[in-house]
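All remarks here apply to the structure that follows.
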Amino acid sequence: MQGRIIRIVSKDYRIQLETGELVDAVLSGKLRLDKSPVAGDVVEVKATDTQYVVERIEPRLNELRRPHVANVDQALIVMSVKEPDFSCTLVDRLTFLIMHAGIQPVLIVTKTDLGISDEVEEMIQEYEKGPMRVIRTHKEQLDPSFAEIIAGKISVLTGQSGAGKSTLLNGLEPSFKLKTQEISKALGRGKHTTRHNELHQVAGGWVADTPGFSSLDFTHMKTDDLAQSVLEFQPYLNSCRFKDCIHQNEPDCAIKNAVKNGSIPERRYQNYLAILTMIQNRKEKYV
Ligand SMILES: Nc1nc2c(ncn2[C@@H]2O[C@H](COP(=O)(O)OP(=O)(O)OP(=O)(O)O)[C@@H](O)[C@H]2O)c(=O)[nH]1
Ligand SMILES: [Mg+2]
Ligand SMILES: [Zn+2]
């Protein structure tokens, strides 16, 4: 039968079977020599007389390193309207990385109760008009569609410290608070070897332990990967005069035209150019 790994503690694998039932399993001898499973993996499980045995790992749709999780459906970018300041640059950088990892980004705008400046309002509306799903919410009044977004999926949360990630999860699932407190207590006692490879059940979905994408690392990205990772660019990508256009200084560039006529926000394009330049400078260094 099939199942999904939701927690790994040393050699014990907690699996949710297709039926919804949670069972503990061990790895088959053959698998142990092969690749190591991670939380989120879809696995083939066999029940013997005494235990459940993981026999096979299905191919992964995607894989994150920190946290080490496979088959992630979506990454929720949590960004407050203030305290800390809303950062369009950060949202874009995170979105590019998330897209590149083959994961769907969703923008969760938090702390809307604190009031929104005109400048921030304009930036949020730019996202709302675009292809990414955007939800505005605050802790006293969680948007009901937030729970609906999490249900039935594997999510990772990301965003600056203080943006309200824990508050969101606690609002949906009070038992989550307890669990995260237990984890910090365990770590505080110096159990640094504890392997946190775990998904938490929140509002009928699964949420990974720690935020991913904490280091905004573009070292693995090439210039054409970057353009592919910009959601707003996608309808125009094959319409430039040059096949290898990187939408920088080329003539007859569909992306630049779309920026000019307002179909792609100028801000998005500038954030693209900034990262592009970073990638280009890095290349020169290593040639
Ligand atoms: N006014 C207001 N404050 C909020 C809201 N959401 C969170 N806060 C406050 O913002 C602070 C930070 O929230 P957290 O949920 O701890 O932020 P976090 O993203 O988990 O931060 P890290 O764990 O450091 O990454 C806390 O004092 C919260 O009470 C909100 O919607 N409105
Ligand atoms: Mg937190
Ligand atoms: Zn172009």
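The values are calculated or read from the model by the stated rules, or taken from the named source; none is laboratory data. None of the values given here were measured: they were computed from a predicted structure. Here Cβ is always computed from backbone atoms with ideal geometry, including for glycine, and neighbour counts include all displayed protein chains.
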query: Condition test on residue 17, is it of a type outside the set (Phe, Trp, Tyr), in contact with a Gly (Cβ under 6 Å, 6 or more places away or on another chain) and within 16 Å of residue 154 (Cα to Cα)?
result: yes
- line: When every residue in the stretch 153-177 that is among the hydroxyl-bearing types (Ser, Thr, Tyr) and without any contact (Cβ under 8 Å) to a residue 24 or more places away in the chain is compared, the one farthest from ligand 2 (Cβ to nearest atom) is 175
- prompt: Of the numbered conditions (1) surrounded by 12 or more Cβ atoms within 10 Å (Cβ to Cβ); (2) at pLDDT 95 or above, residue 69 satisfies every one except a single condition; which is it?
  reply: (2)
message: Considering only residues that are over 23 Å from residue 172 (Cα atoms) and either under 19 Å from the mean Cα position of the chain (by Cα) or aromatic (Phe, Trp, Tyr) (or both), which ones fall in the stretch 92-123?
response: 92, 93, 94, 95, 96, 97, 98, 99, 100, 101, 102
- request: Check the stretch 261-281 and report whether any residue there is away from ligand 3 (no atom under 16 Å from the Cβ), over 20 Å from residue 89 (Cα atoms) and assigned to a helix (DSSP H, G or I).
  value: no
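Quick grid of which residues meet (1) small (Gly, Ala, Ser); (2) surrounded by fewer than 16 Cβ atoms within 10 Å (Cβ to Cβ):
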site	(1), (2)
80	yes, no
83	no, yes
93	no, no
97	no, no
107	no, no
119	no, yes
123	no, no
129	no, yes
138	no, no
message: Between a residue in the stretch 38-58 that is under 14 Å from residue 22 (Cβ atoms) and in contact (Cβ under 8 Å) with a residue 24 or more places away in the chain and any residue that is outside any strand (DSSP E or B) and among the charged types (D, E, K, R), which pairs come within a Cβ distance under 7 Å, given they are 6 or more apart or on different chains?
response: 43/58
field: Cross-chain or 6+ apart pairs with Cβ under 8 Å, the stretch 237-253 first and within 7 Å of ligand 3 (Cβ to nearest atom), then basic (Lys, Arg) and assigned to a loop (DSSP other than H, G, I, E, B)
entry: 250/241; 253/241
Residue that is surrounded by the most Cβ atoms within 10 Å (Cβ to Cβ), among those in the stretch 27-46 that are within 16 Å of residue 7 (Cα to Cα) and modelled with pLDDT under 95: 39
query: Which of the residues spanning the stretch 25-40 are farther than 20 Å from residue 154 by Cβ and part of a strand (DSSP E or B)?
result: 26, 27
message: Residues to consider are 159, 164; find the one that is crowded, with 21+ Cβ neighbours inside 10 Å, at pLDDT 90 or above, within 17 Å of residue 107 (Cβ to Cβ) and within 7 Å of ligand 1 (Cβ to nearest atom).
response: 164
task: Output the residues belonging to the stretch 41-77 that are outside any strand (DSSP E or B) and within 30 Å of residue 88 (Cα to Cα).
output: 61, 62, 65, 66, 67, 68, 71, 72, 73
field: Residue check for residue 135: in contact with an Asp or Glu (Cβ under 9 Å, 6 or more places away or on another chain) and modelled with pLDDT of 90 or more
entry: yes
message: Considering only residues that are outside any helix (DSSP H, G or I) and either in the same structural domain as residue 233 (by TED's automatic domain parsing) or touching a residue at least 60 places away in the same chain (Cβ under 8 Å) (or both), which ones fall in the stretch 87-146?
response: 87, 105, 108, 130, 131, 132
